[in-house]
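Scroll down for the structure; my scribbles are underneath it.
The values are calculated or read from the model by the stated rules, or taken from the named source; none is laboratory data. Predicted model only: the values in this text are computed from it and were never measured. We place every Cβ from the backbone using ideal geometry, glycine too, and count neighbours over all the protein chains shown. Ligands, DNA and RNA are stripped out before the accessible areas are found, and what is left, the full protein with its side chains, is counted by its heavy atoms. Shrake-Rupley method; radii C 1.70, N 1.55, O 1.52, S 1.80 Å.
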Amino acid sequence: MRELNIFFFGFGQVAKEFIKKLISENYKLNISITTRQASDKIDFLGQKVSNFEFNDEKIDKNIFKEFNNSDHFLISIPPKNQNDLVLKFFSKEFLNQNIKWVTYLSATSVYGDHMGEWVNEKSETLPKSKNGIERLAVENNWLKFYEEHKIPLQIFRLSGIYSNKNNVLERIKSGNGSIIRKKNQFFSRIHVEDIANLLFISLNKFKKGEVYNVSDDKPASSEDVMKYGAKILNLPEPKEIRLEDIESEMLKAFYHESKKVSNKKAKKFFNYEFKFPTYVEGLNHINKKIT
């Protein structure tokens, strides 16, 4: 049985799905995580997990000892004022020669608006949203740290994540779905299982200093996705709302950007075919789970 000493800075849906994948592959796991909650020992999917409180106001000092007992690190904590708390407080610890794998989860919001055109890892980054600007700043800090110290770092730029629990079908069924029609508006998405699968492959197929887009094969408008969701649920299409009537500033900023994110680099390097190559396969799979 293969053993993995892995530390998760942040314990969201990607981290949880990755653990689920590792369990399915019969790994013996020594897991540490950080959350904003008080430190404690918890159980997750039958695994004993050490949880350490870590945020911009409080850090459990025991983290440092546990950090040194780990050699794989997944970082999914969002930026804080264009800074990464992990790099801020643990830069010296990342110089440990025993570290084998560090993955920072960024977002495709770093590209900004490309007016519906394709972008890849070499495309110009033109973020206008707060999220995109902060993500790019943190990416650059990590890449600078890599250049200086050659740590085993890779960056995954994730598109809009959906899962069996969080998806447009749930929004439509709850009455919270809406159609926002905007010409030439494209965005990319990715099922959380495909993220976990790529993370798993990268444990043994790794090239440090690389950035990969993690998106499915078919960028589409939110209108197309929402209409398809209503169709397979046999429910009326959600109401249409005007872009200017969106109350959430974050959501409004999202609709001011349009791009198609290429996944060719990740597919080629990791030799991976997506389990859910488009939203069609993904939503059909989810619909079978809930019916």
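Given the condition touching a residue at least 12 places away in the same chain (Cβ under 8 Å), open to solvent by less than 70 Å² (accessible area, probe 1.4 Å), farther than 20 Å from PRO152 by Cβ and out of contact with any His (no Cβ under 6 Å at 6 or more places or on another chain), answer yes or no: does some residue in segment 80-94 qualify?
Scanning segment 80-94 turns up at least one residue that is touching a residue at least 12 places away in the same chain (Cβ under 8 Å), open to solvent by less than 70 Å² (accessible area, probe 1.4 Å), farther than 20 Å from PRO152 by Cβ and out of contact with any His (no Cβ under 6 Å at 6 or more places or on another chain).
If we keep just the residues of segment 115-144 that are more than 21 Å from the chain's Cα centre (by Cα) and not charged (D, E, K, R), which is least open to solvent (accessible area, probe 1.4 Å)?
For segment 115-144, the residue satisfying everything is GLY116.
For segment 8-41, name all the residues that are exposed (fewer than 15 other Cβ atoms within 10 Å of the Cβ) and under 29 Å from ASN83 (Cβ atoms).
Hits for segment 8-41 are ARG36, GLN37, ALA38, ASP40.
Give the number of residues within segment 117-176 that are assigned to a strand (DSSP E or B) and either of a type in the set (A, V, I, L, M, F, W, C) or touching a Ser or Thr at 6+ places or on another chain (Cβ under 6 Å) (or both).
Selection size over segment 117-176: 10.
Looking at (1) touching a Leu at 6+ places or on another chain (Cβ under 7 Å); (2) modelled with pLDDT of 95 or more; (3) open to solvent by 30 Å² or more (accessible area, probe 1.4 Å), find the lone condition where ASP56 falls short.
It is condition (2) that ASP56 fails.
For ARG2, which of the numbered conditions (1) within 22 Å of ASN98 (Cβ to Cβ); (2) in contact with a Leu (Cβ under 8 Å, 6 or more places away or on another chain); (3) surrounded by fewer than 16 Cβ atoms within 10 Å (Cβ to Cβ) fails to hold?
(2)
Quick one: which of GLU53, GLU124 is of a type in the set (Asp, Glu) and under 30 Å from LYS252 (Cα atoms)? Reasoning before the result, please.
Details: GLU53 fails: under 30 Å from LYS252 (Cα atoms).
Being of a type in the set (Asp, Glu) and under 30 Å from LYS252 (Cα atoms) holds for just one of GLU53, GLU124, which is GLU124.
Under the condition of being in contact with a Ser or Thr (Cβ under 9 Å, 6 or more places away or on another chain) and not hydrophobic (A, V, I, L, M, F, W, C), which residue from segment 233-256 is farthest from GLU170 (Cα to Cα)?
Per the criteria, the residue is HIS256.
Looking at the structure I just gave you, is PHE156 within 26 Å of LEU136 (Cβ to Cβ), out of contact with any Phe, Trp or Tyr (no Cβ under 8 Å at 6 or more places or on another chain) and of a type in the set (Phe, Trp, Tyr)?
no
Taking the options LYS275, LYS268, name whichever one is in a loop (DSSP other than H, G, I, E, B) and modelled with pLDDT of 95 or more.
Details: LYS268 fails: in a loop (DSSP other than H, G, I, E, B).
When all the criteria are applied, what remains is LYS275.
Would you please name the residue that is surrounded by the most Cβ atoms within 10 Å (Cβ to Cβ), looking only at residues in segment 202-251 that are in a loop (DSSP other than H, G, I, E, B) and among the polar types (S, T, N, Q)? Give the steps one after another, and end with the answer.
We begin by selecting, within segment 202-251, every residue in a loop (DSSP other than H, G, I, E, B); these are 203-209, 215-219, 221, 234-239, 241-242, 246-248.
If we keep only those that are among the polar types (S, T, N, Q) too, we end up with 204, 215, 221, 234, 248.
Numbers: ASN204: 8, SER215: 25, SER221: 19, ASN234: 7, SER248: 8.
It comes out as SER215.
For segment 172-201, name all the residues that are among the hydrophobic types (A, V, I, L, M, F, W, C), open to solvent by 30 Å² or more (accessible area, probe 1.4 Å) and within 23 Å of ALA253 (Cβ to Cβ).
Across segment 172-201, the qualifying residues are PHE186, PHE187.
Would you confirm whether or not segment 68-75 contains a residue that is in contact with a strand residue (DSSP E or B) (Cβ under 7 Å, 6 or more places away or on another chain), closer than 29 Å to ASN204 by Cβ, exposed (fewer than 14 other Cβ atoms within 10 Å of the Cβ) and not basic (Lys, Arg)?
Within segment 68-75, the first condition is being in contact with a strand residue (DSSP E or B) (Cβ under 7 Å, 6 or more places away or on another chain), and the residues that meet it are 69-75.
Now drop any that are not closer than 29 Å to ASN204 by Cβ, which leaves 69-75.
If we keep only those that are exposed (fewer than 14 other Cβ atoms within 10 Å of the Cβ) too, we end up with 69.
This time we only want the ones that are not basic (Lys, Arg), so: 69.
Yes, segment 68-75 contains at least one residue that is in contact with a strand residue (DSSP E or B) (Cβ under 7 Å, 6 or more places away or on another chain), closer than 29 Å to ASN204 by Cβ, exposed (fewer than 14 other Cβ atoms within 10 Å of the Cβ) and not basic (Lys, Arg).
Pick from segment 145-171 the residues that are surrounded by fewer than 21 Cβ atoms within 10 Å (Cβ to Cβ) and β-branched (Val, Ile, Thr): which of them is nearest to GLU281 (Cα to Cα)?
My answer is ILE161.
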